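The values are calculated or read from the model by the stated rules, or taken from the named source; none is laboratory data. Since the structure is predicted, the reported quantities are computational estimates derived from the model, not experimental observations. Please note: Cβ atoms are built from the backbone with ideal geometry, for glycine as well, and neighbour counts cover all protein chains shown. Heavy atoms of the whole protein, side chains included, go into the accessibility calculation; ligands, DNA and RNA do not. Shrake-Rupley method; radii C 1.70, N 1.55, O 1.52, S 1.80 Å.
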Amino acid sequence: MSVLILAEHDGQQLNPGVYRAVSAARFWELPVHLLVTGGNTANIAELAAAIAGVQRVICLDSTHLVHPLAEDVANIIAVLGQQYRVILAAHGAFSKNILPRAAALLDVAMISDVLEIKADNTYVRSIYAGSVHSIIRSIDPIQVLTVHGSSFPVANSGGHAEIINLDVPAPIDKTRWLSENHSQSEHPALNSASVVVAGGRSLGSAENFEALLAPLAAKLGAAMGATRAAVDAGYAPNEMQVGQTGIVVAPELYIAIGVSGAVQHTFGMKDSKLIVAINQDPDAPIFQVADYGLVADLFEAVPALAAAIIQREKDQL
Amino acid sequence: MKIMVAVKRVVDYNIKVRIKPDESDVDISGVKMSVNPFDENAIEEALRLKEKGIASEIVAVSLGTTANQDVLRHALAMGVDRAVLVASDTVLQPLGIAKLLKAVIEREQPALIILGKQAIDDDAGQTGQMLAALLGYGQGTFISTLVIEGREAIVTREIDGGTQQLAVSLPAVLTADLRLNEPRFVKLPNLMMARKKPIETLNAAELGVEFSPRLQQLKVSEPPVRKPGIRVASVTELLEKLRVHEGLLI
Ligand SMILES: Cc1cc2nc3c(=O)[nH]c(=O)nc-3n(C[C@H](O)[C@H](O)[C@H](O)COP(=O)(O)OP(=O)(O)OC[C@H]3O[C@@H](n4cnc5c(N)ncnc54)[C@H](O)[C@@H]3O)c2cc1C
Ligand SMILES: Nc1ncnc2c1ncn2[C@@H]1O[C@H](COP(=O)(O)O)[C@@H](O)[C@H]1O
């Protein structure tokens, strides 16, 4: 019996979550296998084989897997899965699409977004937008789960896993991939940035959102994030949404600007190492999770903050 | 074309749930319950397809106790044609729910099934994908746009860092993101009328599927709280704290 990890990649790089999933997988003290599907996975397989703690990289290459569909990948997992004790992946849009489908094909339950592994079938996860923690035990013979990225450390490199190639089952052909749009941003990717500058509805317009937050983000090398209210108002694209129904981040520093701090938002950022909040309402709930809170008008405080950081840079020259 | 929507009854999103003193579960007695927000988007999208003449009939299904009649009445008041309650007093989990929904779908034969992308109580986000697997249908999850073209559902999916467009053959299972649409408000007269409409009830135990829970909740607890923060009086003080106390190079 072994642990199978579904590995997400973009053809060039493994998703950073894969390295965390490997750390989570080591809990079982069983051999760890990594499943890589794609068009030509040779270079990804090399990267995967170099992760410490991985024994085997299983590659399935086919033109129809260049843009992997849930139907096909779940089918592959269901075929392989009978031999595994655990099937897991880092929690994200990719795994959320595929693993529940695979679990149902295997007739087992799934445990989403595990925060902590307590025993080989017992987990801590959050419910009600992170406002309650629940300990659950699965009675199924195969454990299928996704793990909450920031709860598990990044696995080291230095591994020498074997790489094997398997035959690919025929495409399921219920769904056709048409296109994909990835936002082109000069800022770092939200889910791996070490600093995030996030804004809310109070920015008032897409122009303000950009004009106030982008210079600060640029100075800090930060990714930009947003509340759902800001996204719904059209101030920021939806892939910037942080929260229960958006992306979950845990950077070194999270600066929440004009964000009220609804639980649906804080779910996505309260694991950040350091949280700074700027809000004009002293009673805003965001201050309950902030390490440093500044009660101020953001239209004054944010430009002042950016200016002070620039001034400091000049002073140091 | 017939559309089925799955509607879950959940604690209203504005309510902060309490934990039972024995920590066995959350205490939802007497708490305001609502339609799961994403399921309202599912209903709304089905209604729009009917208004465009693409859908002919919309059936809303909810699984749970007789208390779930209230969310079905809400769906009827929004405009769905029929409501089905799959009644069970036992704990229902995504896999079991998917199996029960499949049994209802075999009777109803809808061409399109729309669920919410996740329930805001269990935050599982699994039922739609599991249902699609059990039915052997194609799936379109976390969708923010939907167009029916011939025998396909053309969807935009929200994925990490962007969007994806797929064509899913009908019959298909879709799961709605909040951005799919803005659900309509229910008018009081419609709610009054919905009170008089029949709700068909099926006994879950009589649908011939095994749906017992596979997951046992051992305990619930408050999440760890962050240590209390500090209020700073100015931008200057904030930067001073970040630089000196936290050692940040900014
Ligand atoms: C099912 C569901 C899922 C959801 N998922 C998410 C999610 O994933 N992510 C998310 O973010 N939200 C989500 N929400 C929405 C969430 O409940 C809140 O509505 C949202 O986070 C509020 O966004 P906001 O803080 O920008 O706006 P508001 O709540 O309107 O807050 C604006 C804040 O700005 C402050 N402010 C105003 N003017 C100024 C100024 N000049 N200077 C300084 N401060 C100012 C105000 O004091 C206030 O605190 C979800 C809701 C539901 C129902
Ligand atoms: N008891 C239920 N009754 C009807 N629909 C449900 C039920 N539970 C889950 N669903 C549907 O499945 C979706 C996803 O739920 P979940 O997988 O629990 O996050 C919900 O948005 C509903 O559309």
Sulfur and carbon atoms: percent of accessible area, segment A:8-101 [1.4 Å]: 48 percent
Dimensions in Å of segment A:1-142 - Rg and Dmax from alpha carbons: 14.6, 44
Among B:Ala132, B:Ala77, B:Ala205: highest mean-square fluctuation, GNM of chain B, C-alpha pairs under 10 Å: B:Ala205
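Cα-based Rg of chain A per 2.2 N^0.38 Å, rounded to two decimals? Display every interim value, and only then the final one.
Values: Rg = 21.2 Å, N = 317, 2.2 N^0.38 = 19.6 Å.
Here the Cα radius of gyration is 1.08 times the empirical estimate.
Of all DSSP beta bridges located in the protein assembly as shown, what percent are antiparallel, nearest 5?
The answer is about 35 percent antiparallel.
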Unit charges at the beta carbon, dipole of segment A:192-260: most positive-side option, A:Gly221, A:Val196, A:Leu253: A:Leu253
Inter-centroid distance (Cα atoms) of segment B:181-250 relative to segment A:1-49, Å: 31 Å
Crossing angle, helix A:70-81 versus chain A [Cα axis fit, 0-90 degrees, rounded to tens]: 50 degrees
Cβ charges +1 (Lys, Arg) and -1 (Asp, Glu), total dipole of segment A:52-189, debye: 360 debye
Carbon and sulfur %, accessible surface of chain B computed with the full protein complex present, 1.4 Å: 54 percent
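If I compute solvent accessible area with a 1.4 Å probe over the protein chains, what percent of it on segment A:203-251 is carbon and sulfur?
Carbon plus sulfur share of accessible area: 49 percent.
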Cα-based shape type of segment A:267-317, given that a ≥ b ≥ c are square roots of the gyration tensor eigenvalues and the cut on a/c is 1.5: oblate
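Could you tell me which of rounded, prolate or oblate describes segment B:131-170, using a ≥ b ≥ c as the square roots of the eigenvalues of the alpha-carbon gyration tensor, with rounded for a/c under 1.5 and, failing that, prolate when a/b is larger than b/c and oblate otherwise?
On the way: a/c = 2.87, a/b = 1.28, b/c = 2.23.
Cα axes put segment B:131-170 in the oblate bin.
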For chain B, built as a Gaussian network whose Cα springs stay under 10 Å, the top-fluctuating residue of B:Val235, B:Val11, B:Val84: B:Val235
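Less than 13 Å Cβ to Cβ from A:Ala236, Lys/Arg counted +1 and Asp/Glu -1: what total charge do the surrounding residues give?
Combined, the nearby Lys, Arg, Asp and Glu give -1.
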Extent along principal axes [Cα atoms of the protein assembly as shown; Å; largest to smallest]: 75, 64, 52
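Residues of the protein assembly as shown: accessible area per residue at 1.4 Å, in Å²?
On a per-residue basis, the protein assembly as shown sits at 41 Å².
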Qualifying aspartates and glutamates (Cα of each under 17 Å from Cα of B:Lys32; at least 8 residues distant if same chain): B:Asp12, B:Glu40, B:Asp70, B:Asp121, B:Asp122
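Roughly what percent of Cα-Cα pairs across segment A:75-167 reach past 19 Å? Can you show the working numbers first?
Details: 2012 of 4278 pairs.
Result for the distance tail: 47 percent.
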Separation between Cα centres of segment A:200-219 and segment A:267-317, rounded to whole Å: 13 Å
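Put A:Phe287, B:Phe185 in order of accessible area, largest first, 1.4 Å probe: what do you get?
Sorted descending by solvent-accessible area, the residues read B:Phe185, A:Phe287.
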Cβ charges +1 (Lys, Arg) and -1 (Asp, Glu), total dipole of segment A:244-317, debye: 180 debye
Candidates A:His64, A:His265, A:His33: whichever shows maximal mean-square fluctuation once chain A is modelled as a Gaussian network with Cα springs under 10 Å: A:His64
Lys/Arg +1, Asp/Glu -1 at C-beta; segment B:185-245 dipole; positive extreme among B:Val209, B:Pro223, B:Leu239: B:Leu239
Debye intensity ratio I(q)/I(0), log10, segment B:5-131, q values 0.15, 0.20 Å⁻¹ (C-alpha model): -0.69, -1.20
Residue among B:Ser29, A:Val73, A:His187 farthest towards the positive dipole end of the protein assembly as shown, charges placed on Cβ: B:Ser29
Within chain A, helix-based [θ] at 222 nm, where runs of 4 or more DSSP H residues each add -39,500 (n - 2.57), nearest 500: -8000 deg cm²/dmol
Cα gyration tensor shape of segment B:123-250, rounded if a/c is under 1.5, else prolate or oblate by comparing a/b with b/c: prolate
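Compute the normalised compactness of segment A:218-310: alpha-carbon radius of gyration over 2.2 N^0.38 Å, N being the residue count.
Scaled against compact globular proteins, the figure is 1.02.
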Centroid-to-centroid separation of segment A:136-159 and segment B:141-157 [C-alpha atoms, Å]: 32 Å
Estimated dipole of segment B:55-115 in Debye, rounded to 20 [Cβ of Lys and Arg +1, of Asp and Glu -1, Cα centre]: 100 debye
